1. In a shell of Cβ-Cβ distance under 12 Å around Glu59, excluding Glu59 itself, what net charge do Lys and Arg (+1) and Asp and Glu (-1) give?
2. With the cut-off at 1.5 for a/c, could you classify the range 23-117 from its C-alpha gyration tensor as rounded, prolate or oblate?
3. Take the alpha carbon gyration tensor of the chain, find the square roots of its eigenvalues, order them as a ≥ b ≥ c, and report rounded if a/c is under 1.5; if not, report prolate when a/b exceeds b/c, else oblate.
4. For a protection proxy built on the mean count of beta-carbon atoms within 10 angstrom, sort 63-70, 264-271 highest first, please.
5. If packing is taken as the average count of other Cβ atoms within 10 Å, what order do 199-212, 116-129 fall into, highest mean first?
6. Treat each spin label as a single point 7 Å out from the Cα along the C-beta direction, and report the Ser83 to Asn268 distance in nm.
7. Can you give me the % of accessible surface on the range 76-178 that is carbon or sulfur? Probe 1.4 Å, all protein chains present, nothing else counted.
8. About its Cα centre, what dipole magnitude does the chain give when the only charges are +1 on Lys and Arg Cβ and -1 on Asp and Glu Cβ, stated in debye to the nearest 20?
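The values are calculated or read from the model by the stated rules, or taken from the named source; none is laboratory data. Quick caveat: nothing in here was measured; it's all calculated off a predicted structure. Neighbour counts run over all protein chains shown; Cβ positions are idealised from the backbone, glycine included. Note: accessible area is taken over every heavy atom of the protein model, side chains too, but ligands, DNA and RNA are not part of it. Shrake-Rupley method; radii C 1.70, N 1.55, O 1.52, S 1.80 Å.
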Amino acid sequence: QSKRKGKNEFSVFNEELKASHTESLALIADMRQAITLGQLEIYYQPQINIQTNTLVAAEALLRWNHPTLGQVSPVTFIPLAESSGQIINIGEWVINNVVKQIASWRHSLAQDFRVAINISPLQVRRGTLCSFLTRALAESNLTGDCLELEFTESLLIDNPKAVMEELTTIKAAGTSLSIDDFGTGYSSLSYLQNLDIESLKIDRSFVSHMTTNDKNLGIVKAIIQMSKELKLVTVAEGVEDLATLQLLAQLGCDFGQGYFWSKPLPANDFEVYVLDYAKNAKLN
Ligand code: C2E
Ligand code: MG
Ligand code: MG
Ligand code: MG
């Protein structure tokens, strides 16, 4: 009996694996046409200066509007884009579109804010990221300081010399560098000595439980404290309620991002959000 059960469990597990593998292959195939068929879209989520209540930046977050599956999460398709090599084309599409969007907002909005783009390690390791960024910015008459690049600590684990050089060149062009999901990687902190990082984004897994879990609170406190010593800006990810925001403000966290202010929004809706936010700030 137990033997049979074991075998059935194994075959169920196996079927699921096969299904997910087949689904992955289908997604990878569909992805090849996603750009030309206009299925990719960039959403924007505000970043707020917690101490002054001003909107300081937006994070660009990619969405794939799949014809039959609906909106596919980047958590699903970015790893597939990386394993199939398509992340290079997709990443370049993101950069081009964000830069054009910033140029358009410089005309339509009175307010300037930076846009943060998520960068895959593969884009940096290729060694052409800086030249691509420079050209995209020049075509829109913009300078590097309108952008911020977010990457995870995993980028800094292997191949550090070439990566460091590429990042240093990007930084020299005025674009700031930010460590995403800080505290969840396995990297040492030594890169903070050699690389001119602007900000650390405290991972949502710590922030979202900090009002109820003492260990998470301790980690958030320690990251903010260390950042102050190193003159780094802290950005709290995943701020969902007022209690969390107030605690972060009290701890001296600089910026926040999360559903408390807004979910990521399509560009048009984000523009409305920015205008409303400025209007309300004047009233207060
Ligand atoms: P990330 O860069 O850490 O982005 C933050 C994620 O947290 C986003 O998920 C955002 O929608 C979500 N989020 C923000 N505030 C809250 C909140 O208050 N509560 C909760 N529960 N979630 C919140 P999203 O948009 O699904 O993106 C997931 C990940 O996909 C990103 O994590 C990033 O690693 C990757 N990604 C997204 N766009 C791109 C891209 O253009 N290029 C690359 N290479 N990766 C991307
Ligand atoms: Mg990010
Ligand atoms: Mg993050
Ligand atoms: Mg994250």
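1. Numbers: positive: Arg114, Lys201, Lys263; negative: Glu148, Glu150, Asp180, Glu237.
It works out to a net charge of -1.
2. Details: a/c = 2.58, a/b = 2.07, b/c = 1.25.
Judged from the Cα gyration tensor, the range 23-117 comes out prolate (a/c at least 1.5, a/b above b/c).
3. Values: a/c = 1.45, a/b = 1.24, b/c = 1.17.
Cα axes put the chain in the rounded bin.
4. 264-271, 63-70
5. Details: 199-212: 21.0, 116-129: 19.5.
My ranking of the peptides, most packed first, is 199-212, 116-129.
6. 3.6 nm
7. Details: 2340 of 4470 Å².
Carbon and sulfur atoms account for 52 percent of the accessible area of the range 76-178.
8. Working: 24 positive and 32 negative charges, 83 e Å.
Roughly 400 debye for the chain.
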